[in-house]
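Student: This is the structure I want to talk about, given as structure tokens.
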Amino acid sequence: MRNEGLLYPCTCTRAEIAAAAKAIGLEGPVYPGTCKGRAVDASEPVVWRLDVAEALARTGPLSWTDERAGVQQADPARLGDVVLVRKDRETPASYHLAATLDDAVDDVTLVTRGRDLFAATHIHRLLQALLSLPVPTWHHHPLLLDREGRKLAKRRNSPSLADRRRADEDGLTLAADLRAGRFPAGISLGE
């Protein structure tokens, strides 16, 4: 993708991105294109961003299907020029690139993820088109929240299924409760 002019180097810090985005009226983590078209010393640590406008010009309109939300018109531009290659030399592939390639290599036909990753699917669909990868179906499920309203997550030491098994909770009962809309682990988000 670099050789095809679809990636460009970026040296911006998160603080610089936030300030530049705010200055032009963008909200959230959308990259405002600060390094696009500017000379950047690529011998310095850089990230490599996908030129989404150029990529879309090559692929044309794209769609994807979510089992819950139906057919979606891909709109990767709403996320801006995302990072595909990080500065980290040990794990340089971004989540977007790694997840898209892993799904293809593993012949995944149904991608099941939380609703918090719905927007990322627009970028993943674009990457699939650029790399001539198969297109799975997605299922973005509601999230479970703890009693304080935070998403259950390992980084906050939320109880895992293994923890629940060790506490002698019955997995089949838990699954039935979740399917019935009873959320003993917390509350549902995004039904």
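What follows is calculated from the coordinates using simple rules that are stated; it is not laboratory data. On a predicted model such as this, the values are computed, not experimentally measured, just so you know. All Cβ positions, glycine included, derive from the backbone under ideal geometry; neighbour counts span all protein chains shown.
Student: Compute the projected area of the convex hull of the Cα atoms of the chain, averaged over all viewing directions, and report it in nm² to one decimal place.
Tutor: 13.6
Student: Take peptides 64-71, 156-163 and line them up by average Cβ neighbours within 10 Å, highest first, as a rough protection proxy.
Tutor: Put in order of decreasing packing, that is 64-71, 156-163.
Student: Ok, one more. List every residue whose amide H lies under 5 Å from the amide H of L143, counting only residues 5 or more places away in sequence or on a different chain, with H placed 1.01 Å from N in the peptide plane.
Tutor: Here R115, L189 satisfy the definition.
Student: Let me ask something additional. So in the chain, which Cys have no other cysteine's beta-carbon sitting under 4.7 angstrom from theirs?
Tutor: Cysteines lacking a close Cβ partner in the chain: C12.
Student: Next up: Order of L56, L110 from fewest to most other C-beta atoms within 10 Å?
Tutor: The order, fewest Cβ neighbours first, is L110, L56.
Student: What number does the range 1-78 give for Rg over Rh if you use C-alpha atoms and the Kirkwood radius?
Tutor: On the Cα set of the range 1-78, Rg over Rh gives 1.04.
Student: Further question: What fraction of the DSSP beta bridges in the chain is antiparallel, stated in percent and rounded to the nearest 5?
Tutor: Beta bridges within the chain, antiparallel portion: roughly 70 percent.
Student: Relative contact order for the range 1-120: what is it in percent, counting Cα pairs under 8 Å that are at least 6 residues apart?
Tutor: 23 percent.
Student: T173 to V108: FRET efficiency via 1/(1 + (r/R0)^6), r the Cβ-Cβ distance, R0 22 Å, to the nearest 0.05?
Tutor: Working from the Cβ atoms, E equals 0.15.
Student: Students often check this: by mean Cβ neighbours within 10 Å, which of 140-151, 14-25 ranks highest, and how do the rest follow?
Tutor: 140-151, 14-25
Student: Can you show me the helix-derived [θ] at 222 nm for the chain, built from DSSP H runs with n ≥ 4 at -39,500 (n - 2.57) apiece and divided by the number of residues, rounded to the nearest 500.
Tutor: It lands at -8000 deg cm²/dmol.
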